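Remarks on the structure that follows.
The values are calculated or read from the model by the stated rules, or taken from the named source; none is laboratory data. Treat the numbers as computed from the prediction; the structure is a model and nothing was measured. Cβ coordinates were reconstructed from backbone atoms using ideal geometry, including for glycine residues, and neighbour counts include every protein chain displayed. Just the protein is used for accessible areas: all its heavy atoms, side chains included, with ligands, DNA and RNA removed. Shrake-Rupley method; radii C 1.70, N 1.55, O 1.52, S 1.80 Å.
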Amino acid sequence: MPATEMDDFRRSYVRLCKESGAEPQESILQHLVEASGKSRLDLATHTLSVETCGVLGKLLQDELQFTEITLSNCMLSEEGAKLLLHGLCSNTVVKSLDLKGNNLRSVGAEALGKLLRQNKTIRSLTLEWNNLGVWGESFAIFCEGLGANGHIQYLDLRNNQINHQGAGELSMALKANSSLRELDLRWNNIGLLGGRVLLNCLHSNRALRQLELAGNNVPSDILKAVDQAMEHNQERQNILCKSRSMTQVLSKEVISLKEKNSRQYLDMMDTIDKQREVMNHSSRVSATRIGQLQEALTERHSVLNSLQAKLQMTEAALALSEQKVCNLGELLSTAKQEQGRLVESQAKELQQHKMASANREATLQRELSAAHEKNLLLKNQVSDLERRCKAQQEQLFQVKEDLTHTTAEMKLRAVQAEERLDMEKKRFKQVLEDAESLRLKEVDHLSHHMEASERSLQERIQRLEAIRIGLEEELSRVKAAALVERGQIEEELIKAKNQARLEEQQRQEHLEEKLRLMMQSRDEAQNYCLQQKQAVAEAQSREGHLSLQVEGLKRRVEELQQELSSKDQEKVTEINKVRVGLQEQIGHLEAERTAQEGLREKIAALERQLKVLFSNHREALLDKEGEISSLLEKLRVREAEISRMREEEAQRVSFLQNAIMSYVQGSPRSTQSPKK
């Protein structure tokens with residue numbers, strides 16, 4: 001199934017889920033993504049809700065891609081199974097349906113019966129581990145649908161709790177169904193009565209080839225009888241297939257023979273028509289020549305009559321016309337000679353035509369003999385070609401096996417390469433994402449740290465500026481107070497000069513100390529700024545190093561992508577080479593197959609001859625067996641006579657022995673023997 005069609009299917013699934021107010025199941029969407037390019041919908045072990053079953057049923061009504069649907073162990077509810085099967089009723093593509101282990105009961109059995117009655121494409125239906133046989137009426141509806149279906153070939157009903165009544169319904173369905181080939185009823189509750197009913201229905205069903213009844217408490221004699229019926233059906237189907245193939249071969253052979261006979265008849269008719277045309281042409285030519293001769297003879301007769309009249313009229317002038325009479329006699333002799341020559345030439349031409357026809361008949365006979373020889377040669381060639389055909393078939397099987405192995409290896413390699421490519425892409429994407437996230441985190445951390453340090457430095461500078469401004473204001477106030485008090489304490493200045501000097505010195509020292517502390521704090525702030533600048537420079541260098549690493553990784557990814565593209569191109573070229581080789585081999589094999597079909601037709605003719613010979617040989621064998629049986633009967637009669645004669649001889653011997661013994665006992669010597 002192409003990827004675009006699978007995307008359309010997935011989008012339509014999401015759309016229908018939204019329209020019905022249901023939430024699309026993530027497991028199904030993931031499976032649809034994984035199943036792109038396949039013709040099989042496998043949702044085994046996925047728990048499907050009723051809404052999902054309804055959406056899938058609507059999608060599968062007109063879906064033309066999936067040929068196999070597997071819904072085993074999906075825990076389907078009765079309503080969900082009904083919606084799904086209702087959607088499959090109008091599907092025209094699905095050939096295999098697996099509903100194993102879904103605990104289908106009465107509603108499911110009725111929906112399955114409707115599906116079997118309406119669907120015309122399903123060939124295989126697996127219903128193992130369900131409970132279809134518990135409700136008799138629903139199972140009867142299912143059996144009615146099975147009887148009305150004429151396309152299903154495989155049905156699995158293992159572990160469905162089917163009793164003898166369900167077996168009776170199944171037997172009625174099997175009597176009406178003519179397409180089912182395999183039916184598996186193992187591990188149910190059919191019993192003796194159900195086994196007998198199924199055995200009785202097999203007399204009217206000739207299509208079923210395999211019926212499994214193990215684990216149903218069915219007696220062994222019924223199982224043996226069922227196996228024998230299956231063997232009979234298998235043999236009957238094989239015979240039917242063989243007879244159909246033989247009838248097809250015979251019909252082809254009859255058509256070819258009819259065509260050959262028609263061609264030969266047309267060729268013979270063409271040759272006969274040509275000969276007739278030649279004969280007609282020759283007869284026309286001879287008729288024209290004979291007419292010309294007759295005209296010449298009539299003219300000569302008229303001339304002779306005129307001459308005779310002239311002679312009668314000129315009897316008096318005979319002397320004068322003797323010379324003319326002689327000339328006329330010469331002319332008559334020449335005319336007679338010409339007439340004789342013409343008759344001879346006509347006779348010769350007739351003889352030549354007869355010889356030509358005889359030669360043609362001889363050539364036709366030679367051609368017939370050559371055709372018989374060719375038939376013999378063709379028979380020999382057919383025997384040789386049979387041997388070659390067997391050898392070529394063996395080679396063909398070997399080539400097919402090699403082809404399957406190569407295709408499997410190529411598929412495995414392609415799958416492995418795709419998996420490696422996906423793994424490499426995922427790994428490099430993960431590495432790039434990790435590196436980008438680390439870089440962004442470090443940059444954010446450094447930017448936050450720089451902003452915090454700048455804010456702290458600005459706050460400290462502002463505090464220092466405030467202190468400086470306060471000190472300047474204090475100095476200005478002090479100076480103003482000094483100027484104001486200067487006039488007041490000029491008098492006391494001398495007195496307090498020393499004290500003022502001391503105070504001023506102390507204040508100057510205090511201010512110098514404050515200035516020194518401010519200078520130290522400024523130096524510390526400058527040092528901290530330098531450290532922060534160094535940290536920023538280190539962060540920038542680290543960022544550049546990381547960017548270089550990222551660029552190296554990008555280059556590495558590009559190189560790997562180029563290597564993968566080159567490997568893909570090599571793989572495509574190898575696949576194209578293999579395809580070209582396989583196409584050439586397939587062309588050779590098709591040519592050989594066409595040749596083998598002709599050989600098969602000839603082989604079929606030889607087989608028919610062999611069958612005729614076999615039938616003759618069989619009749620001869622039957623005659624011989626009859627003769628042997630008659631001889632054996634005669635032999636038994638002779639043996640009976642011999643045994644009777646032996647008995648008579650034994651009786652005679654016993655009589656003689658008794659007579660001798662009585663004679664010996666009655667003689668005087670026998671009386672004296674005890675005394676001795």
* Asked: Hey, rough spin-label estimate for ARG206 and LEU293, points 7 angstrom out along Cα→Cβ, what's it come to in nanometres?
  -> 7.7
* If packing is taken as the mean number of other Cβ atoms within 10 Å per residue, what is the order of 431-442, 142-153, 40-51, highest first? -> 142-153, 40-51, 431-442
* Relative contact order of the chain: what whole-number percent is it, with Cα pairs under 8 angstrom and at least 6 residues apart? -> 6
* **Solvent-accessible area of TYR265 with every protein chain in place, 1.4 Å probe, in Å² to the nearest 10** => 140
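Would the chain count as rounded, prolate or oblate if I go by the C-alpha gyration tensor, calling it rounded below 1.5 in a/c and otherwise prolate when a/b exceeds b/c, oblate otherwise?
oblate
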* To do: Over the stretch 253-359, average the accessible area per residue using a 1.4 Å probe and give it in Å², no decimals.
  => 83
* Using Cα pairs closer than 8 Å and at least 6 residues apart in sequence, work out the relative contact order for the stretch 176-243, in percent. => 38
* To do: Order LYS497, LYS252, most accessible first, counting only protein heavy atoms with a 1.4 angstrom probe.
  => LYS252, LYS497
* **At R0 = 51 Å, FRET efficiency that the Cβ-Cβ distance of GLU574 and GLU607 yields, to 0.05** => 0.70
* Gain upon complete extension [ARG420, PHE655; 0.36 nm per residue less C-alpha separation] -> 73.8 nm
* Structure fact -> Ordering 347-360, 14-27 by per-residue average of other C-beta atoms within 10 angstrom, highest first, gives 14-27, 347-360
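So between VAL536 and GLU23, what do we pick up on full extension, going 0.36 nm a residue minus the alpha carbon distance?
179.5 nm
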* Asked: With every protein chain kept in the model, how would you rank PHE428, PHE614 by accessible area, 1.4 Å probe, largest at the top?
  -> PHE614, PHE428
* **Only Lys, Arg (+1) and Asp, Glu (-1) charged, at Cβ; the chain dipole about Cα centre in debye** => 4040
* For the chain, what % of the accessible area comes from carbon and sulfur atoms, probe 1.4 Å? -> 55
* To do: Rank these by accessible area, largest first, 1.4 Å probe: THR67, THR594.
  => THR594, THR67
* Segment GLN339-LYS624, length gained on full extension (0.36 nm per residue, minus Cα span) -> 94.8 nm
* To do: Starting from the Cα of ARG439, move 7 Å in the Cα-to-Cβ direction to define the label point; list residues of the stretch 537-560 whose amide nitrogen is under 12 Å from there.
  => 542-555
* Structure fact -> Set LYS58/LYS175; LYS554/LYS577; LYS426/LYS554, cut-off 23 Å on Cα-Cα distance; pairs above it are LYS58/LYS175; LYS554/LYS577
* Structure fact -> Using a 1.4 Å probe on heavy atoms of the protein chains only, the accessible area for GLU295 in Å², nearest 10, reads 110
* So for the stretch 376-499, taking the charge dipole from beta-carbon charges (+1 Lys/Arg, -1 Asp/Glu), which of HIS448, GLN398, LEU412 sits furthest toward the positive end? -> GLN398
* Given R₀ = 30 Å, FRET efficiency for HIS617-LYS260 by Cβ-Cβ distance, to 0.05? -> 0.55
* Asked: Rounded to the nearest whole Å³, what is the per residue volume of the convex hull around the Cα atoms of the stretch 4-84?
  -> 83
* Rounded to the nearest 500 deg cm²/dmol, what is the calculated helix-only ellipticity per residue at 222 nm for the chain, with -39500 (n - 2.57) per DSSP H run of length n ≥ 4? -> -30000 deg cm²/dmol
* Just the accessible area per residue of the stretch 427-533, please: how many Å² with a 1.4 Å probe? -> 84
* Length-normalised contact order for the stretch 77-118 - Cα pairs under 8 Å, 6+ apart - percent -> 65
* Structure fact -> Probe 1.4 Å, all chains present, heavy atoms only: SER566 accessible area in Å², nearest 10, is 50
* Structure fact -> With DSSP loop assignment and no more than 11 other C-beta atoms within 10 Å, the trypsin sites (Lys or Arg not before Pro) in the stretch 128-233 are none
